[in-house]
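The values are calculated or read from the model by the stated rules, or taken from the named source; none is laboratory data. All of these numbers come straight from a predicted model, not from anything done at the bench. Every residue, glycine among them, receives a Cβ derived from its backbone with ideal geometry; neighbour counts consider all protein chains shown. Note: areas computed on protein heavy atoms with side chains; ligands, DNA, RNA excluded. Shrake-Rupley method; radii C 1.70, N 1.55, O 1.52, S 1.80 Å.
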Amino acid sequence: MAIPKMLQGFSKTLNFYGRFAPSFTRVGYVARLLPLRPVSADFSGQSWLVTGATGGIGRATAYMAAAKGARVYAVGRNARALASLVAESAGLKGEIVPVMSDLSSIVSIDELSRNTQISGPVDVLVNNVGILNRAYSSTSEGFETAYATSLLGHYHLTEALAAADRLADNGVIINVASGGMFNVPFNLPMIHQGENGFNGFAAYASHKRAQVALADHWRVKFGRCGIHAYAIHPGWADTVGVQTSLPTFRKILKPVLRNASQGADTIIWLAATLPGTNDDRVWFDRKQRTTHPFPHTRQAMTTTADLVALLDRDRKKALAREPVSAG
């Protein structure tokens, strides 16, 4: 039985990469003629807050927004990387303001939401930071690290900014998802796992699918203020996260992986154009796409209300310094 299972797994992997590689890599970006259609926008007077801005797509987003005139609050915990970004951005139309924060800590994020260094309301919030951990680890607050960083932290930052009236009317929330979500249905068990039987790939995929649900949730909740909310898929870009978490994937596809700026393109385009959007859709290369290319993910195993209840419970526990357990 071992051989058929092995062959089945190989066939599934081959089908996945064979189906999506032409679209998600630089090949798809060029084939859609996006290099010939640069985004024309002037973000002067806007304030952006970008999480995970020390590298990859977050760094590219911060730089590209500042190049178009925005004041960008670049958030991360690597002071040297933030200083490098600021130095690199010297002379741009806008500016980059480095903001130190531990994005795996709800207490730290709560402080970030009230940080007086961030002046005025945030016009564009980019929930970008995300990690894929192969092995289980937990934060000082008791949460599985990837869950705290890639989902719970985003939720608390967005809700805390909104509660403090620090999200601009007619502003934009952009959640950075991933094609990894295509392999799992919307669920809760794999979102916040315990150490026993931990599956980092399933956790990552589930966090990214939950980002789509949260974008839909916020579009309704904050719609009365004219706030737009989107989930985007950046394609397969050659980032530090890919290099460390998916070394074999990178080794095989490195010649055709997108660069970080190509991965950030749709973020900049959305903030410039503010198109209408439908529920349970992800934006990729400036168009809405299905989040269910495979039939087995279409039947949700949970609801957005249950997801929000979980996130509200856990952020309140962290702020109250209460003990945390998975599930």
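Points to keep in mind about this one:
- Count of segment 250-295 residues which are touching a helix residue (DSSP H, G or I) at 6+ places or on another chain (Cβ under 9 Å), within 21 Å of Ser44 (Cβ to Cβ) and surrounded by fewer than 17 Cβ atoms within 10 Å (Cβ to Cβ): 1
- Scanning segment 142-162 for residues that are among the charged types (D, E, K, R) and open to solvent by 10 Å² or more (accessible area, probe 1.4 Å) yields one hit, Glu159.
- Checked against the criterion of being surrounded by fewer than 24 Cβ atoms within 10 Å (Cβ to Cβ) and part of a loop (DSSP other than H, G, I, E, B), segment 66-75 contains one or more residues that satisfy it.
- Yes/no for Ser108 being open to solvent by 40 Å² or more (accessible area, probe 1.4 Å) and either assigned to a loop (DSSP other than H, G, I, E, B) or modelled with pLDDT of 95 or more (or both): no
- Scope segment 272-311; condition within 22 Å of His156 (Cα to Cα) and in contact (Cβ under 8 Å) with a residue 12 or more places away in the chain; matching residues: Asp279, Asp280, Val282, Thr302, Thr304, Asp306, Leu307, Val308, Leu310, Leu311
- Val97 meets the conditions (1) part of a loop (DSSP other than H, G, I, E, B); (2) touching a strand residue (DSSP E or B) at 6+ places or on another chain (Cβ under 6 Å); (3) open to solvent by 20 Å² or more (accessible area, probe 1.4 Å) in every case but one. The failed one is (1).
- Segment 195-204: number of residues that are small (Gly, Ala, Ser) and open to solvent by 30 Å² or more (accessible area, probe 1.4 Å): 1
- Residue list for segment 88-126, restricted to those being hydrophobic (A, V, I, L, M, F, W, C) and farther than 18 Å from Lys316 by Cα: Ala90, Leu92, Ile96, Val97, Val99, Met100, Ile118, Val122, Val124, Leu125, Val126
- Elements of type strands (runs of 3 or more DSSP E) in segment 204-323, at least 3 residues being among the aliphatic types (A, V, I, L, M): 228-232
- Selection from segment 303-315 of residues that are within 16 Å of Ser108 (Cβ to Cβ) and either open to solvent by 70 Å² or more (accessible area, probe 1.4 Å) or at pLDDT below 95 (or both): none
- Test: residue in segment 17-25 that is open to solvent by less than 20 Å² (accessible area, probe 1.4 Å) and at pLDDT 95 or above: yes
- Which listed residue, of Pro234, Pro255, is free of Cβ contacts under 8 Å to residues at least 60 places away in the same chain and under 19 Å from Thr25 (Cα atoms): Pro255
- Unique match (being under 18 Å from Tyr155 (Cα atoms) and open to solvent by 20 Å² or more (accessible area, probe 1.4 Å)) among His207, His192, His217: His217
- Test: residue in segment 134-141 that is open to solvent by 50 Å² or more (accessible area, probe 1.4 Å), hydroxyl-bearing (Ser, Thr, Tyr) and part of a helix (DSSP H, G or I): no
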